[in-house]
Amino acid sequence: MAREYKDSGIEWIGQIPKEWEVGNIKHYCNSIFAGGTPQSNNEEYWDGDIPWIPSGSCKNNFIFSAPKFITQAGLENSSTKLIPSGTTVMAMTGATCSNVGYVLFDTCMNQSVVAYLEKKDTTSSKFLFYLLQGAQEEILTHKTGGAQSGINVDDCKNIIVPFLSLSEQQKIADYLDKICGEVDEMVTLQETMIEELKAYKQSVITEAVTKGLNPNVPMKDSGIDWIGEIPEHWEVCRFKDIASVKANLVHPDDYMDFPQIAPDNIEKASGRLLPYKSVKESNVISDNHLFFKGQIIYSKIRPVLNKLIIAPFDGLCSADMYPIETTNDINYQKYYMLSDAFVRQVALVVQDRVKMPKINQNELSIIYVLSLPLSEQRSIASYLDTKCTEIDSLIALKQQKIEELKDYKKSVIYEYVTGKKEVC
């Protein structure tokens, strides 16, 4: 017999099965509350044996471990509370707002996370985990505030959701465990393939910039472990022999309409520029380097992330970056700086600088690079342009597949928690 439906009266829910009702999610729960954070400067409160999770742990996922631990004193002297394994939690602020988690161990949480302690005789906590994912778009309509906008505990308590029997909740949760688990496995497979493609791309770059394109050319030992053998007619030199930092600090007031580039505007290890803003939009108040089109812009902070681009325009860049000019072919130099031959040397320089690793100009100037004919540099750069574009296209296809899988998972969850589809 076909299932009968009625209008729920709630826009995000739409029609629901005739026997279902709607109401505030708090009626599914014994309590709904946020956590807290022990004083960060009190050593007696931290590094204990009680797990403690921040909002970043909520990724619409099962949470298997905590990034930090607090002591019993930290628990007793803060507003955080212990919640049991099998509890659904949700992030309330920032970029993770409305993201859900299902904790698989007893834990505490910070003030940006809310816990839903279910009524065990009427509610499946696992169903709440999926129900809140289905309601995410509705939850986000209640966000207020600026950069760290979010929702509050009252918002979390008063989300209007469908109400259905415990047996049907459990049936839906079990089915979604199966379907979403299969989707998550496919996503993981795509992510693994992306990492393999990135590693392959890195090996292609390193091979080309240190060995050249002629497999039959006579080779010699470079004398540098992380470079290995190089073509016989190439030479090893220092960074300062082929490139120089063009420090050019200016006050931002005279450059308000210029593009402004900071390390966060560059993708790690790819040489790709991310979205950026103008100096005015970025609210820059301290001196920045004036850079010019065609220079390499290189981040000196956390340099193992290898953030660099060839500037496509004139602009200002953060004082945490170096504008660089080179006598080498600019594209070859970009690829050399993206290679393992370069990054491994940088990693050795900053390996003991844990808090905020930086490489200074003197250290950069003595990094080993290679001297080779300009014609070969251009041939290598042209080859890598083509090869890397091919690999990037494959990565983009994998990323598109991941987005399609995530959209499918989202739609499946919505359809079942709102009763549009029935578990047979």
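So for segment 321-340 (the condition being touching a residue at least 12 places away in the same chain (Cβ under 8 Å), in contact with a His (Cβ under 7 Å, 6 or more places away or on another chain) and either closer than 25 Å to Asp385 by Cα or surrounded by fewer than 16 Cβ atoms within 10 Å (Cβ to Cβ) (or both)), does at least one residue qualify?
Applying the first criterion (touching a residue at least 12 places away in the same chain (Cβ under 8 Å)) to segment 321-340 yields 321-340.
From the residues that got through so far, the ones that are in contact with a His (Cβ under 7 Å, 6 or more places away or on another chain) too are 321, 323.
This time we only want the ones that are either closer than 25 Å to Asp385 by Cα or surrounded by fewer than 16 Cβ atoms within 10 Å (Cβ to Cβ) (or both), so: 321, 323.
Yes: segment 321-340 contains one or more residues that are touching a residue at least 12 places away in the same chain (Cβ under 8 Å), in contact with a His (Cβ under 7 Å, 6 or more places away or on another chain) and either closer than 25 Å to Asp385 by Cα or surrounded by fewer than 16 Cβ atoms within 10 Å (Cβ to Cβ) (or both).
Regarding Leu249, is this residue over 29 Å from the mean Cα position of the chain (by Cα), in contact (Cβ under 8 Å) with a residue 24 or more places away in the chain and in the same structural domain as Leu305 (by TED's automatic domain parsing)? Even if it seems obvious, please write down each step before you answer.
Working: over 29 Å from the mean Cα position of the chain (by Cα): yes; in contact (Cβ under 8 Å) with a residue 24 or more places away in the chain: yes; in the same structural domain as Leu305 (by TED's automatic domain parsing): yes.
So Leu249 fits the description; yes.
State yes or no: is Gln148 surrounded by 13 or more Cβ atoms within 10 Å (Cβ to Cβ), in contact (Cβ under 8 Å) with a residue 24 or more places away in the chain and among the polar types (S, T, N, Q)? Show your work before the answer.
Working: surrounded by 13 or more Cβ atoms within 10 Å (Cβ to Cβ): no; in contact (Cβ under 8 Å) with a residue 24 or more places away in the chain: yes; among the polar types (S, T, N, Q): yes.
Answer is no for this residue.
Identify the single condition in (1) surrounded by 14 or more Cβ atoms within 10 Å (Cβ to Cβ); (2) over 24 Å from Ser299 (Cα atoms) that Ala381 does not satisfy, given that it satisfies every other one.
So the condition that Ala381 fails would be (2).
Looking at Gln377, Gln361, Gln333, Gln351, which is the one that is of a type in the set (S, T, N, Q) and outside the structural domain of Gly294 (by TED's automatic domain parsing)?
Working: Gln361 fails: outside the structural domain of Gly294 (by TED's automatic domain parsing); Gln333 fails: outside the structural domain of Gly294 (by TED's automatic domain parsing); Gln351 fails: outside the structural domain of Gly294 (by TED's automatic domain parsing).
After applying the criteria, what remains is Gln377.
Quick test for you: out of Ile224, Ile230, pick the one residue that is modelled with pLDDT of 95 or more and surrounded by 12 or more Cβ atoms within 10 Å (Cβ to Cβ).
On the way: Ile224 fails: modelled with pLDDT of 95 or more.
One residue alone meets the criteria, Ile230.
State yes or no: is Glu376 modelled with pLDDT of 95 or more and loosely packed, with under 14 Cβ neighbours inside 10 Å?
Numbers: modelled with pLDDT of 95 or more: yes; loosely packed, with under 14 Cβ neighbours inside 10 Å: no.
Spelling it out, it is not the case that Glu376 is modelled with pLDDT of 95 or more and loosely packed, with under 14 Cβ neighbours inside 10 Å.
Among residues belonging to segment 387-405 that are more than 18 Å from Val187 (Cα to Cα) and touching a helix residue (DSSP H, G or I) at 6+ places or on another chain (Cβ under 7 Å), point out the one that is surrounded by the fewest Cβ atoms within 10 Å (Cβ to Cβ).
Lys387
Pick out, from segment 1-61, the strands (runs of 3 or more DSSP E) lying fully within it that include 3 or more residues that are of a type in the set (A, V, I, L, M, F, W, C).
Values: elements: 5-7, 15-17, 21-24, 29-34, 46-53.
The qualifying strands (runs of 3 or more DSSP E) are 29-34, 46-53.
With respect to the numbered conditions (1) among the β-branched types (Val, Ile, Thr); (2) assigned to a helix (DSSP H, G or I); (3) under 20 Å from Leu374 (Cα atoms), which one is the sole condition not fulfilled by Ile194?
(3)
Per-residue answers, yes or no, for (1) over 30 Å from Val183 (Cα atoms); (2) more than 28 Å from the chain's Cα centre (by Cα); (3) not hydroxyl-bearing (Ser, Thr, Tyr):
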| site | (1), (2), (3) |
| --- | --- |
| Lys355 | yes, no, yes |
| Asn360 | yes, no, yes |
| Val369 | yes, yes, yes |
| Leu372 | yes, yes, yes |
| Glu376 | yes, yes, yes |
| Ser379 | yes, yes, no |
| Leu397 | no, no, yes |
| Lys401 | no, no, yes |
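Just need a number here: residues in segment 345-371 that are of a type in the set (Val, Ile, Thr), more than 24 Å from Trp234 (Cα to Cα) and surrounded by 18 or more Cβ atoms within 10 Å (Cβ to Cβ). Write out each step before concluding.
Residues of segment 345-371 that are of a type in the set (Val, Ile, Thr), as a first pass: 346, 349-350, 354, 359, 366-367, 369.
Subsequent filtering for residues that are more than 24 Å from Trp234 (Cα to Cα) retains 349-350, 354, 359.
If we keep only those that are surrounded by 18 or more Cβ atoms within 10 Å (Cβ to Cβ) as well, we get 349-350, 359.
Residues in segment 345-371 being of a type in the set (Val, Ile, Thr), more than 24 Å from Trp234 (Cα to Cα) and surrounded by 18 or more Cβ atoms within 10 Å (Cβ to Cβ): 3 in total.
The values are calculated or read from the model by the stated rules, or taken from the named source; none is laboratory data. Owing to the predicted nature of the structure, the values given are computational and were not obtained by experimental measurement. Reconstructed Cβ throughout: ideal geometry from the backbone, glycine too, with neighbour counts over all protein chains shown.
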